[in-house]
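This report refers to the structure that appears directly beneath it.
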Amino acid sequence: MMFFNHKNTEPEQSRSSNPFFYYGGNYPGETSEPFYHSGIKNYNLRVSVATHIGKVRGNHEDNFYLEGLYMNDIFRNDFSASYTIHYADGMSFAVFDGMGGAAYGEVASEIAVQTLRKYEKKLKHADGTRMLDQLVSSYTTEANNAICDMLTEKHCQTGGTTFSMLYFLGDAVKLYYLGDSRIYRYQTDQLTLLTRDHTVANQKVEAAIYTEEEAKHSPDQHRLTLFIGSDRKKTGLNADSRPPLPLEVGTKFVLCTDGLTNMCSDEEIAELLSENYFNEAAVLVQAALQNGGVDNITCIVLEVLPATDDKETD
């Protein structure tokens, strides 16, 4: 079994000092077959995003994807934004946590996010879950192969990136993931983990070798078993997923790298979400920094709002 310890503690120099983002524009198009028809399509999404290099690392290997918006040059130490958009079929949001020696982790996450941008038009035209699953499989395989080619060229034995994505279609959301970047749902004051960490520690928990508490303090917690870049033989890489989840007004989704979850407990995350801050992603990232900030931190929070709800700054 292949696994990779994706937390190299040696600080690295960044590749550039140009802290800007790339926006590739939007494509028109709607899917013809939504997952659900529950009559709740008239709503907004409150989107908040925040990323920080943290207090220890010398380069920023995380990345994010917001409907075509992503970090073009992964150097920005501190960025956050919050805005409201009207719902449209085919919206997608994702986070990535790169790994590898030298600057290859940030290159890997950038390759993954740029490859996802190439699939934006196709994803917006996905006709139901089967086609969507096929497209995501094609995406993860293409991104994996591109990262493997880069690593081979750089004579690097291991490297890659995590991947966690939410995709909105009809009155439901579909999620896909590889690695240990998590997706949570916060609903009726309850925080639920929707993803399964692809780590050696989690495998041992499922095999009753570790308790949950033992896993949290084990080096195996950072040893990934699946990620974009793990398929070095290029046989095809499929992301984990779960059946579509119906949407409800008031629901919040959190996508985050382990720079957040290693610093903040689920209870602390839930408590902060209950406060309904305007930029909840920035609040969560700040909490991770206050608790140590030993890793890069990236977080996206998506809140389902009624279309007439213009949430004001707290």
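For the stretch 31-306, the relative contact order works out to 28 percent when only alpha carbon pairs closer than 8 Å and six or more residues apart are counted.
Along the charge dipole of the stretch 31-306, which of Gly229, Thr192, Leu284 sits closest to the positive end, that is, farthest toward it, with unit charges on the beta carbon of Lys, Arg, Asp and Glu (+1, +1, -1, -1)? Value: Gly229.
The modelled label-to-label distance between Thr308 and Ala207, using points 7 Å beyond Cα along the C-beta direction, is 5.7 nm.
Rounded to the nearest 20, the size of the Cβ-charge dipole of the stretch 68-210 about its Cα centre is 220 debye, with Lys and Arg at +1 and Asp and Glu at -1.
In order along the stretch 112-121, phi translates into HN-Hα couplings of 5, 6, 5, 5, 4, 4, 5, 8, 4, 5 Hz, rounded to whole numbers, per the Karplus curve 6.51 cos²θ - 1.76 cosθ + 1.60 with θ = phi - 60° and x for Gly and Pro. From the residues Val301, His217, Ser274, which one has its Cα farthest along the dipole of the stretch 31-306 in the positive direction, the dipole being from +1 and -1 charges on Cβ of Lys/Arg and Asp/Glu about the Cα centre? The Cα lying farthest towards the positive end belongs to Val301. In this structure, Ala81 and Ser274 have a Cβ-Cβ separation that, at R0 = 25 Å, corresponds to a calculated FRET efficiency of about 0.70. What does the charge dipole of the stretch 129-286 about its Cα centre add up to, to the nearest 20 debye, if the Cβ of each Lys and Arg holds +1 and the Cβ of each Asp and Glu holds -1? It works out to roughly 740 debye. Dividing the radius of gyration of the alpha carbons in the stretch 31-306 by their Kirkwood radius gives 0.94 for Rg/Rh. Using only the C-alpha atoms, the convex hull of the stretch 108-196 corresponds to 101 Å³ per residue. Across the stretch 260-276, rounded Karplus estimates of 3J(HN,Hα) from the backbone phi angles (6.51 cos²θ - 1.76 cosθ + 1.60, θ = phi - 60°) give 8, 6, 6, 9, 10, 6, 4, 5, 5, 4, 4, 4, 5, 5, 5, 7, 6 Hz, Gly and Pro being marked x.
Remark: His125, His198, His217, His60 ranked as His217, His125, His198, His60, counting other beta-carbon atoms within 10 Å and listing the fewest first.
Restricting the calculation to Cα atoms, the stretch 171-294 shows an Rg/Rh of 0.98 when the hydrodynamic-style radius is the Kirkwood one.
Readers should treat all values here as calculations from the given coordinates under stated rules, not as data from a laboratory. Just so you know, these numbers come straight off a predicted model, no measurement behind them. All Cβ positions, glycine included, derive from the backbone under ideal geometry; neighbour counts span all protein chains shown.
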